[in-house]
Every structure is written in C-alpha cells, then in structure tokens.
C-alpha cells in the first residue's frame, strides 16, 4: 500500500514582515478501486449499486457509504459487463442475443451519482461502458451434411465515442476535483433505463458492474470540502 498526500500552496507571513509561499501537506490516503455488481433482470428499470442490495457481488464493507472507514473522495467512475457469476461472456449461436440485450441497456441507460441525497453527476452509460462488437452471423443454406461444422460468428470492434478520456482500456469519468464523501453521508450510484426501450431476457443473470476509483483515507484522517 502506497501512502500519498495532496499538497496546497499557502502564503505565510515571515517574522520580518515578508511573505513566502509554502506547501502544506494534507491527510495521507491511498488509492483503491471499489466494485459493485448487480445481475441483469429484463424486468428491472432501475439498478442501485454500492447499497448492500440482495444478489450484489462487491468488494467493499458496509456502512453509511462504501468507502473504507466510510469517508474519502471519489476520483473516477466507470462500468463493465461480466457473464453469470462474474464469469466470462461466452457467445455462440444460442447466446448471441446477449449482445443485443446488453447494447440496449448501454445505449438507453443513464447513471446518477449522489452523495447525501444530492445529485453530483449524471452520465450516459454509453460514455463509461465499452460498446459491444458488430456481429456477422452465418446463414444456413440447404440441409447440413453429417459432420459439417457451422462457420463461427464473426465480429468487428466498434469505435468508442465518449465525451471523456480512455484510461487503462476502460472508459471513465475522471472527476477533475475528487468528490468528497463524509462519514455521515451516503453514496448512491443508480442506473436507470429510458422508457420505451424493451430489454430481452437473453442477458438475465449477466452482471452490470460499477467501479469507483477512490482516495481512501486512514482512520485518523478526514475528508475536507
């Protein structure tokens, strides 16, 4: 674990009346990535993350908020997709519909970040979740002969379009000024699917995973506004 500090330049008055600039060190902290995974359900329109909800897969402790020691700062946010039980996404002719279901969620959902009930950031999911590839499916012509093998489904990667930067092969929202979260404040990350979009059940049981990059403070430190 690497301890870090943020410094602030302040002006102080010397004994002779002159002014000098000095660097004042803040509280020590370390970086940690928190995740919260929620299973996809085609009947749901709203998903909550980092809330200790049923069937959630997570790496954070409970409390008023998910940050270590229940205070710190949120530096970035992004999303990912995994297969059932947080496993691989395996696509074949029988499961190719998973891609369509995930892409519908990606294109229609909005993510909202709140602290203490106040909205701090609203983001289109497509800006912080990698796009699914374009699929080229084979078509059977005539009856298949014994021992024949269907050609594999072909894919082509899609270009990422986002208002934000790409870091470590993941689209993220990097908060220019990390978002402070106090001990008494809740931290909510919600994903809402737009009205009018039907989500097929082919991706049910796959996981939407929210990731938060945080500045985690030690128990003797404190988050300052």
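What follows is calculated from the coordinates using simple rules that are stated; it is not laboratory data. Only a predicted model underlies this, so the values are computations on that prediction, with no experimental measurement involved. Cβ placement follows ideal geometry from the backbone for every residue including glycine, while neighbour counts extend to all protein chains displayed.
Over the Cα atoms of the range 10-73, the radius of gyration divided by the Kirkwood radius equals 1.37; this is the Rg/Rh ratio.
Note on residue 57 and residue 44: their simple-model spin labels are 1.3 nm apart, each label 7 Å out from Cα toward Cβ.
Averaged over residues, the count of other Cβ atoms within 10 Å places the peptides 183-191, 150-158, 11-19 in the sequence 183-191, 150-158, 11-19, highest first.
If each residue of separation counts as 0.36 nm, what is the full-extension length gain between residue 154 and residue 19 once their alpha-carbon separation is subtracted? Could you put the intermediate results ahead of the total?
Numbers: separation 135, 0.36 × 135 = 48.60 nm, distance 6.78 nm.
Contour length minus Cα-Cα distance gives 41.8 nm.
Give the peptides 46-55, 192-201 in descending order of average Cβ contacts within 10 Å, highest first. Write out the running numbers ahead of the final one.
Numbers: 46-55: 15.5, 192-201: 12.6.
The packing order, highest mean first, is 46-55, 192-201.
Cβ-Cβ distance of residue 64 and residue 110, R₀ of 30 Å, FRET efficiency by 1/(1 + (r/R0)^6): the value works out to about 0.75. Express in % the proportion of alpha carbon pairs of the range 175-218 at distances exceeding 12 Å. Considering the range 175-218, 79 percent of its Cα-Cα pairs are separated by more than 12 Å.
Based on alpha-carbon positions alone, could you give the equivalent ellipsoid semi-axes of the range 22-115 from the gyration tensor, as √(5λ), descending, whole Å?
Numbers: eigenvalues 214, 42, 37 Å².
After scaling each eigenvalue by five and taking roots: 33, 15, 14 Å.
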